[in-house]
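Take a look at the structure set out below.
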Amino acid sequence: MENEEKTALVEEVAKGFESKCKDKLGERLESLYITGSYAFGKISLDRPDVNFLLIIKERTSPQDYLLIGEICREIVKDFEDRCSVRLEFRPFRFINPKTKSDCEIFLNPIIQSVEEIKNRGCIFNKWFTEGLKSANKLLYGKDFLKTLEVGEITKEDIFHGALFDLAFFTIPLSRAPAQYGKEDSDLLFNEALTSGKMMCYLGIEIAMTEEELAKKEYTNYIKNKETIADFYKERYGEEAAELVNKIFDARENYLTYKNERKKAEEIFDAALRMAGMIQHKLSSG
């Protein structure tokens, strides 16, 4: 598939999901955003990754989740003859594709409610919220993120939530080999790659100084991934930098590696080893 055709198809999937959310959830949506690399025009066509943030008014109900599930199933069905829309509720639920295709488009809906955000003061955690605030496009409703004041991130904030965040990433990944056989090497590769990237970002905040956190320098690495390995070499050492390079090389060469079982296991190994290094950094202060 030519790049122009792939770009148009990614946009069609994104617009289709947006339209279904407005139709089925309109009155329940406080805000609907597109976030991440697609929001600022840096999406990879080898592995197009479309991230949405849905903020539900008041608190989420079971009916909201049932409707979102319906939307997700429909979008997969709508495009099954043209591509495989891969649903991912990161980092805790990677859904097996109903159909496999050489053309894949990854869809990640983040679901939060106004009450959840107000209770926590952020979306999942402060650094993740700042990442969303730095790369988003409002599609519908109020600009909730614009008015959301996260507050200064401190080392205490990071250490308070980091062990929980790390477990959030590593526990599902560590169980993934029980789900994926040799015929599913691409699924293991993708989950290990996605989880590994998230761990790389988490490790940056953990290793930053109070001054760097206050200046929100961690957001720089979201848009400048080529500098991450240098950061890890300085703060964690050569071995950690090599793991980071391995993970981001896999991201850049997704189509080349996706069906190689050896590479899937290599990235799985790299992601969990990275988690171990980050945990050691936490325990050593």
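The values are calculated or read from the model by the stated rules, or taken from the named source; none is laboratory data. Please read these numbers as outputs of a predicted model, since none were measured by experiment. Please note: Cβ atoms are built from the backbone with ideal geometry, for glycine as well, and neighbour counts cover all protein chains shown.
Key figures
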item	result
Residue count, segment 1-21 (criterion: touching a residue at least 24 places away in the same chain (Cβ under 8 Å) and surrounded by fewer than 14 Cβ atoms within 10 Å (Cβ to Cβ))	2
Some residue of segment 173-185 being touching a residue at least 24 places away in the same chain (Cβ under 8 Å), over 17 Å from Gly121 (Cβ atoms) and of a type in the set (A, V, I, L, M, F, W, C)	yes
Residues within segment 69-94 that are surrounded by fewer than 18 Cβ atoms within 10 Å (Cβ to Cβ), within 12 Å of Asn108 (Cα to Cα) and touching a residue at least 40 places away in the same chain (Cβ under 8 Å), tallied	2
Residue check for Val50: assigned to a strand (DSSP E or B) and either surrounded by 17 or more Cβ atoms within 10 Å (Cβ to Cβ) or among the hydrophobic types (A, V, I, L, M, F, W, C) (or both)	yes
Segment 164-197, residues that are of a type in the set (S, T, N, Q) and either part of a helix (DSSP H, G or I) or not assigned by TED's automatic domain parsing to the domain that holds Glu226 (or both)	Thr170, Ser174, Ser185, Asn190, Thr194, Ser195
Residue in segment 96-148 that is farthest from Glu58 (Cα to Cα), counting only those that are assigned to a strand (DSSP E or B) and among the aromatic types (Phe, Trp, Tyr)	Phe106
Sole exception among (1) assigned by TED's automatic domain parsing to the domain that holds Asn51; (2) out of contact with any Phe, Trp or Tyr (no Cβ under 7 Å at 6 or more places or on another chain) for Pro109, by number	(2)
From the options Gly161, Gly69, residue that is farther than 28 Å from Met208 by Cβ, assigned to a helix (DSSP H, G or I) and either in the same structural domain as Ala14 (by TED's automatic domain parsing) or not β-branched (Val, Ile, Thr) (or both)	Gly69
Options Tyr33, Tyr38; residue that is modelled with pLDDT of 95 or more, out of contact with any Ser or Thr (no Cβ under 7 Å at 6 or more places or on another chain) and not assigned by TED's automatic domain parsing to the domain that holds Tyr254	Tyr33
Members of segment 1-43 found to be aliphatic (A, V, I, L, M), closer than 18 Å to Asp102 by Cβ and in a helix (DSSP H, G or I), listed by number	Ala8, Leu9, Val10, Val13
